[in-house]
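So the structure is just underneath, and the comments pick up after that.
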Amino acid sequence: MIPAAPLSRQPAPTASATAPSPLQPSGWQQALRRAVRDPGELLTRLGLHEAALGVCPQAAAQFPLLAPEGFVARMRHGDPHDPLLRQVLPLDQELRLLPGFGLDAVGDAAARSATGVIQKYQGRALMVATGSCAIHCRYCFRRHFPYGEETAARDHWAEAIARVREDASIDEVILSGGDPLSLSTPKLAELTDALRQVPHLRRLRIHSRLPVVLPERVDAALLQWLGALPWPVAFVLHANHANEFDASVDAALAALRGSGATLLNQAVLLRGVNDSVDALAALSERGFAAGVLPYYLHQLDRVQGVAHFEVDDATALALHAELAARLSGYLVPRLVREIPGDTGKRPLR
Ligand code: SF4
């Protein structure tokens, strides 16, 4: 069993945790060091005042603010309802303890098969590679995950690799987290070099928000690593709003596609961020223009502190039906919810 976690995320990711000391940090690591970590600074940059927004130091202490400068630059100046700002701003609403909202909404603990390895679905093994991310999303379903004990990279991947090697039914490894691309490229290569010796592995999937929130991460070293992998690679990106894309993100995604990877996007349906047909259609269309196919639209995972983002099922179903009526089928993500114990994500319609 995964031990119960305290309310604060462990460890609070920092840029220095990802730097390959004593080597000189690369450009993306320097960009991560410059990320905004102070709510007051963020609001000052946007011309907003803390008091009017319900910004909460206690919420920030439990799960610190983290937003790369490039992501902040995509927020609208002077708009307290900006959909990117709402995803990262710690608010007093997060402190409400509500029935039905727990610490492990998706049953990660019950599906643990080795340190940092989660096996829920046939043929797949998910590695919680690291607890670090380049951004802290307030609605994160793993915001209470016990990363201090449960990360696959911490013993040079040894236990996680052994688990994959001993289970011949695993043909796909999923790198997740945290964000696996917050690890250095040599650290990722350490894993994939070992996985090359696993004959039953057929695919590699990488779940990452970094190409969107910190496109500097898609550098020459990462592309070289990706291009040399022996398996087809699926990148499942995570963007919730069309405004998260800009020219720098487009360039990063084009480079990922150039490496041969297939790009998909999963979004979370979030009140006040993307809970309108216009916003969801714009997300699909903007993503596709950048070479990304919509994959999943998740109903919110009910973890403590995220209730203010929830969209009820009736509204979600109506939005999805309207989206399907408006867009080509390939631009309509599957509306799903994760139910602990299910054999796959459960479609809502
Ligand atoms: S990037 Fe993913 S794992 Fe990290 S805080 Fe956001 S949703 Fe959670």
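Values quoted throughout were computed directly from the atomic coordinates according to the rules given, and no laboratory measurement underlies them. This structure is a prediction, so every number in the text was calculated from the model and none was measured. FYI the Cβ positions are ideal-geometry reconstructions off the backbone, even for glycines, and counts take in every protein chain you see.
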- Message: For region 305-337, give me each residue that is more than 18 Å from the chain's Cα centre (by Cα) and either crowded, with 18+ Cβ neighbours inside 10 Å or not in a helix (DSSP H, G or I) (or both).
- Response: ALA307, HIS308, VAL311, ASP312, ALA316, LEU319, HIS320, LEU323, LEU327, SER328, LEU331, VAL332
- PRO186: more than 16 Å from the ligand (Cβ to nearest atom) and either in contact with a strand residue (DSSP E or B) (Cβ under 8 Å, 6 or more places away or on another chain) or more than 23 Å from PHE71 (Cβ to Cβ) (or both), yes or no? yes
- PRO340 versus (1) over 17 Å from HIS238 (Cα atoms); (2) part of a helix (DSSP H, G or I); (3) not small (Gly, Ala, Ser): which is the lone unmet condition? (2)
- Task: Six or more apart or on different chains, Cβ under 6 Å: which pairs go from a residue in region 111-125 that's on the phi < 0 side of the Ramachandran plot and surrounded by fewer than 18 Cβ atoms within 10 Å (Cβ to Cβ) to one that's in a loop (DSSP other than H, G, I, E, B) and of a type outside the set (S, T, N, Q)? Could you list them?
- Result: ALA111/LYS120; ARG112/ILE2; TYR121/GLY344
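Quick one: how many residues across region 225-238 are out of contact with any Gly (no Cβ under 9 Å at 6 or more places or on another chain), away from the ligand (no atom under 16 Å from the Cβ) and touching a residue at least 24 places away in the same chain (Cβ under 8 Å)?
Residues of region 225-238 that are out of contact with any Gly (no Cβ under 9 Å at 6 or more places or on another chain), as a first pass: 225, 228, 230-231, 234-236, 238.
With away from the ligand (no atom under 16 Å from the Cβ) added as a condition, the list becomes 225, 228, 230-231, 234.
In the following step, the residues that additionally are touching a residue at least 24 places away in the same chain (Cβ under 8 Å) were identified as 225, 230-231, 234.
So the answer is 4.
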- Message: For the condition more than 11 Å from the chain's Cα centre (by Cα), part of a helix (DSSP H, G or I), within 14 Å of VAL117 (Cβ to Cβ) and not aromatic (Phe, Trp, Tyr), what is the one hit in ALA189, ALA162?
- Response: ALA162
- Message: Of everything in region 189-213, what is under 14 Å from LEU263 (Cα atoms) and within 11 Å of the ligand (Cβ to nearest atom)? Give them in sequence order.
- Response: HIS207, SER208, ARG209, LEU210, VAL212
- Task: Might you check whether a residue that is near the ligand (Cβ under 9 Å from one of its atoms), assigned to a helix (DSSP H, G or I) and out of contact with any His (no Cβ under 7 Å at 6 or more places or on another chain) occurs anywhere in region 135-144?
- Result: no
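Conditions (1) within 11 Å of the ligand (Cβ to nearest atom); (2) β-branched (Val, Ile, Thr), marked per residue:
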{"residue": "VAL128", "(1), (2)": "yes, yes"}
{"residue": "SER132", "(1), (2)": "yes, no"}
{"residue": "PRO146", "(1), (2)": "no, no"}
{"residue": "ALA153", "(1), (2)": "no, no"}
- Query: Out of GLN30, GLN58, which single residue is more than 13 Å from the ligand (Cβ to nearest atom), farther than 27 Å from ALA252 by Cβ and among the polar types (S, T, N, Q)?
  - Reply: GLN58
